[in-house]
1. Being surrounded by 13 or more Cβ atoms within 10 Å (Cβ to Cβ) and in contact with a His (Cβ under 9 Å, 6 or more places away or on another chain) is true for just one of Ile90, Ile59. Which residue is that?
2. Identify, by number, the condition in (1) modelled with pLDDT of 95 or more; (2) farther than 16 Å from Ser301 by Cβ that Ser539 doesn't meet.
3. Being among the basic types (Lys, Arg) and over 28 Å from Arg393 (Cβ atoms), is that true of even one residue in the stretch 438-446?
4. Suppose we filter the stretch 544-567 for residues that are of a type in the set (Gly, Ala, Ser), part of a strand (DSSP E or B) and within 26 Å of the chain's Cα centre (by Cα); how many remain?
5. Look at Gln187 and say whether it is assigned to a helix (DSSP H, G or I), modelled with pLDDT of 80 or more and either under 25 Å from Lys270 (Cα atoms) or in the same structural domain as Lys540 (by TED's automatic domain parsing) (or both).
6. Just give me the residues in the stretch 443-478 being in a strand (DSSP E or B), touching a residue at least 24 places away in the same chain (Cβ under 8 Å) and in contact with a Pro (Cβ under 9 Å, 6 or more places away or on another chain), in sequence order.
7. Go through (1) in contact with a strand residue (DSSP E or B) (Cβ under 8 Å, 6 or more places away or on another chain); (2) of a type outside the set (Phe, Trp, Tyr); (3) at pLDDT 95 or above and name the single condition Ala468 misses.
8. Looking only at residues in the stretch 519-537 that are β-branched (Val, Ile, Thr) and surrounded by 21 or more Cβ atoms within 10 Å (Cβ to Cβ), which one is farthest from Glu449 (Cα to Cα)?
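The values are calculated or read from the model by the stated rules, or taken from the named source; none is laboratory data. Everything quoted here is computed from the prediction, not taken from an experiment. Note that we place each Cβ from the backbone using ideal geometry, even for glycine, and neighbour counts take in every protein chain shown.
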Amino acid sequence: MATGGPRDSKRENAGDFIGEFSVTQSCEPCMKSNESKTATVYCDDCYEYLCDSCKNPHIVYKPGKHNIVGVLDIVEMKGLDRCQEHSKKIKFFCQEHLILCCTSCLFVHGKCGKLHEIDSVTEKELADSDGLMTSLIKLESDTDFIIAESMQQDSDLNKSVSNVNKELDSIKLYVMQLFEEAQNNVQSEANAFKFEEVNRSHTVCTKVKEDLHTILPICSAVYEHGTPQQKYILSKRMEEKHRMIKAQQVTPHLSLSFARELTSLLEMGKDFIKLQIQKVETSIISSSSQPRPFTLELLVSVDLPKTGADKKEPLLSGLDFLPDGRLVAVDINNKKCMILNERLQTLGTPYKFKTYPYCVVCVSHDALCVTGGGWKVVVLLSVSTDNTIRLTRVINTSSMFYSICCMSPSHMVVSTWDDPLPARIISLDGVENDFDHVVFPTKMYKLDESTCTYVQSKNTLILTDRFAHTVFIYDTMKSTSRAVTDENIREPRGTCEGPGNTVLVCSMYKDSIVHMSVDGDLIGKYPVDMMCPHSICVSKDGIRLAVSNCQVGDRKLHLLKILPAMS
């Protein structure tokens, strides 16, 4: 089977559909001879389209290896099968560096010792396609949360920028205050020195002047009539006064000296302050530690009136999604199980029960478990890709079960009625067990008075009490429990695990869905455009939600998309 190569863009255009007609690809060798023939095969090694006449000459006379496939077998890879660095066809996978490689990559990865040749891959080594598609769909849904987080990040970064500016302004103000204080101190010292120096000079000069007035009249008499000793003493006195006057003619020079730390700071210039960026990696895909609210976007809504094949008005008492996205619904009133597509249209022929089915859970990609009404049984059904539903096995039980959900790949949790224990565990082999570390209230429920769900990753059992308007939350490992009552919870009916290990509960007489954490904290309330919501389920990828109601005369089924709530 060929895959897309360097000429993908050309093949893309050739394969586009216009209405109900498709554009065919011409034989490339014939086109060079100005002939027009439709290509029937493709050489995946030469990237060339060929007709039947040109195929054999191409294989025989053109050098190299030729992988010839039919045009209809070409799978567009959009360049995914090409090395991102060398644009060559991918031939190897380096298990040491977890990177796809071409022949040019061997220069770097040829010595890794863990180079796996793509052509030698067996079917057993391929990843599970259902699991891969589910993870990719989940990844696509998580991008909505990433976009929402990025919008919140923009707001957070604006706050961070504002805080940085405030911090800079604060530092600037503090530095300016220090500078002003230092400037005032230096100016005060300079002015004091100037005042002192001027006064000292003036005092000295005045004293010298007074002394000169005293000495000068004596000089004439000493030089005319004085002894040599007197003349010597007077000359030294005059030299002393001369030195004093000369000393006052020296003008002091004022300058600044800086602390070594400040000198280093000034040498750094504008780089003395730098922005520090710390990136803290958070996993959006693996869900944050805090449950996040979401919004619901209506995708499809259908009315469920009584049809010609129905004896009663439909009541979808159980819903669940198959891993491939198909919706499974059990109609308790008309004793049937049916498969619905993304438009909520019935696929194949519904399976008919002999008694009333209550609830359904998907336990694998092609297996369902259904609780049976009035009988102590759990019915196992198989679902084929062509939407054929067949009976696989019937498990006899010790109690009558109502709701059912997955606890593990091989065990389910069921709610009971007319039984002292409101919830139990049952395996696919029919082995029943009690919750050893859970203390239930001493209350026996009647039919449709209580439902349950189980959050596997948190080991948490959820049990609704319809007429007590209460949701009980049990930590099955820590043996703790909490009873949640709220004005938004009125006659809770169906419940299921929500996105990010949360819980969704139908609040029947509030016409809404209540969203809460496994700790019992209310996260949000989501009104639905139907009266008395009754049954609910979330798709395996966590991006779609189905809900149906039990309002007589106005039965509905909604399919909604779960989107992150924008801050």
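1. Going through Ile90, Ile59 in turn, the sole match is Ile59.
2. (1) is the only condition that Ser539 fails.
3. Scanning the stretch 438-446, I find at least one residue that is among the basic types (Lys, Arg) and over 28 Å from Arg393 (Cβ atoms), so the answer is yes.
4. Going through the stretch 544-567 one residue at a time, the tally reaches 1.
5. Here the answer is no, as Gln187 does not meet what is asked.
6. If the condition is that a residue be in a strand (DSSP E or B), touching a residue at least 24 places away in the same chain (Cβ under 8 Å) and in contact with a Pro (Cβ under 9 Å, 6 or more places away or on another chain), then Cys452, Leu463, Thr464, Asp465, Val471, Phe472 are the ones that fit.
7. The one condition Ala468 does not meet is (1).
8. Val528
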